[in-house]
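Quick notes on the structure that follows.
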Amino acid sequence: MVLRATSVLTLVVLWGLLGGCGREPEEEFLFAPDSPPVTLTYVAPSNSLFSAPEQVAIDRFQELAPSIEVNRQSYRFNAGDYLLDDPPPDVLLMWNGDQLRDAAEQGLLADVSEVWTEGNLTEAYGRRFRDISRFDGTLRLVPSGFSWAGMYYNKEIFDRFGLEPPTTWDEFIGICDTLLANGITPMSLAGQNPFISIYWFDYLNLRLNGPEFHRDLISGRVSFHDQRVADVWELWKTLLDRGYFVERPGSTSEMNSMTALIRGDADSPLTWEKAVMALAPHFSLADLPPLFANELDFFQFPQIDETVATGEVSIVFGYVVPAGALNRLEASAFVGYMGSAEAQELQLKQIGEDDSNIGYVPVHRDIDRELLSAAAYKGDLIVSEADEISPPMFLLLPDSMRATFNQVLRKLFLATSDPLDVAEIQILLEEGRQRAIQNGEIRQ
């Protein structure tokens, strides 16, 4: 790729300013008089969760870099297809998961190490987000924000029975038993949505066996016949068998799983089968009216073994520059700015002005944390203090294994006279792993 001399001069100035990027730059960017205009093609989700807050930061970038116009386009197909275009877009918003991993392994993502260096992002973001962004020793992603998950619960029901959010597994089981003893189903479960229900396997495996084993299992490097996998399914089935979940979780949608926790709908119940708690990512509350959402709070999934490192499930999204992008230098300048404290704080302020937007947590440590909602502040602590961050399993599983997990979950959650036992579950999942190996979906 031949770089324009004027663009190099422009970017030298940009990097100097972005390298120490704070909330209020002391001067506008300077450009060579003959710097040509450049239009960056940037592809991102159409969801207002991203687009509305992000546009404020994009507008600010264009004020600071007036010769660079950002043409934001919505995803029309998956990121892998865009990356194979000739030429590809200049910038994409992507998530930690199989598409990001595969794109990095195929050499489709540019090295953004200089963005990290100039922006001092290792210090600003921390080790966990750096590790997520690095593939084969090279940084390919500039994170922007992340989600959190927790055990959501109805505050009024907890207060009625004098219950406190648990920190240990024994305390959690005690809460479930107290609710059952009072004729109340402890938990709902979105059995119709495997992406959400599989969070239970994520967290039980993380808490029992730790992040390293969890990572190896998802990547296909460990057999599903491993006793540690059996331990996870045994524990989950025990919770199901004790009646801790709604009677037919296989018939419960993601929305019904959350409305099952609501009590302010007594005049017109949103869900007939009520519960008190539900493990869910925070975006599962997105469609709840604020009046109902305010009935709920959440706590971190309890520790089971204190000697096991703490892993948390989080979707981390950020910016990548395709290796074949035509405007790599200008794209890097844009990505560097969007990764700055100023850009992320601008977006956070915009989120705060929109009551319908449940938001996310920016990754930069220098943003004003007082701008975070109480829920986001708690989610920030949970994720940022974890020993390791993992995306939801369904964002990493090979297709063959994902299909097998779907099959297992459907059979597990349907109340039948012939439920699956743990040995059968392990056989099915191992068959899925072997198919993934044969199909070349797993690189061993």
Would you point out the residue of the range 135-170, among those that are more than 17 Å from G339 (Cβ to Cβ) and within 15 Å of the chain's Cα centre (by Cα), that is surrounded by the most Cβ atoms within 10 Å (Cβ to Cβ)?
A149
Taking into account only those residues within the range 377-390 that are part of a helix (DSSP H, G or I) and in contact (Cβ under 8 Å) with a residue 40 or more places away in the chain, which is most open to solvent (accessible area, probe 1.4 Å)?
K378
Applying the selection to the range 259-272, what residues are open to solvent by 50 Å² or more (accessible area, probe 1.4 Å) and either in contact with a Ser or Thr (Cβ under 7 Å, 6 or more places away or on another chain) or not in a loop (DSSP other than H, G, I, E, B) (or both)?
L270
So V70, is it among the aliphatic types (A, V, I, L, M) and under 23 Å from the mean Cα position of the chain (by Cα):
no
If you check H214, H225, which single one turns out to be in contact with a helix residue (DSSP H, G or I) (Cβ under 7 Å, 6 or more places away or on another chain) and surrounded by 19 or more Cβ atoms within 10 Å (Cβ to Cβ)?
H214
Anything in the range 259-270 that is in contact (Cβ under 8 Å) with a residue 24 or more places away in the chain and more than 26 Å from the chain's Cα centre (by Cα)? List them, or say none.
R263, G264, D265
Exclusive hit being open to solvent by less than 40 Å² (accessible area, probe 1.4 Å), in contact (Cβ under 8 Å) with a residue 60 or more places away in the chain, in contact with an Asp or Glu (Cβ under 6 Å, 6 or more places away or on another chain) and not hydrophobic (A, V, I, L, M, F, W, C), set S284, S314:
S284
With criteria (1) assigned to a helix (DSSP H, G or I); (2) at pLDDT below 90; (3) hydrophobic (A, V, I, L, M, F, W, C), L420 comes up short on (1)
When the range 135-182 is checked residue by residue, the ones that are in a helix (DSSP H, G or I) and either within 30 Å of A57 (Cβ to Cβ) or of a type in the set (D, E, K, R) (or both) are K155, E156, D159, R160, D170, E171, D177
Out of the residues in the range 180-193 that are crowded, with 21+ Cβ neighbours inside 10 Å and out of contact with any strand residue (DSSP E or B) (no Cβ under 7 Å at 6 or more places or on another chain), which is nearest to T259 (Cα to Cα)?
A190
Checking I132 against (1) over 23 Å from I196 (Cβ atoms); (2) assigned to a helix (DSSP H, G or I); (3) under 23 Å from the mean Cα position of the chain (by Cα), which test does it fail?
(1)
Given the conditions (1) in contact (Cβ under 8 Å) with a residue 12 or more places away in the chain; (2) open to solvent by 50 Å² or more (accessible area, probe 1.4 Å); (3) in a loop (DSSP other than H, G, I, E, B), which single one is not true for N256?
(3)
Can you tell me which residue in the range 317-331 is nearest to the chain's Cα centre (by Cα), limited to those that are open to solvent by 20 Å² or more (accessible area, probe 1.4 Å) and farther than 17 Å from P36 by Cα?
A323
Report the residue count in the range 234-245 for those that are open to solvent by 10 Å² or more (accessible area, probe 1.4 Å), under 21 Å from I198 (Cβ atoms) and part of a loop (DSSP other than H, G, I, E, B).
1
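The values are calculated or read from the model by the stated rules, or taken from the named source; none is laboratory data. In this text the structure is predicted, and so the values were computed from the model without any measurement. All Cβ positions, even for glycine, are placed from backbone atoms using ideal geometry, and neighbour counts span all protein chains on display. Ligands, DNA and RNA are stripped out before the accessible areas are found, and what is left, the full protein with its side chains, is counted by its heavy atoms. Shrake-Rupley method; radii C 1.70, N 1.55, O 1.52, S 1.80 Å.
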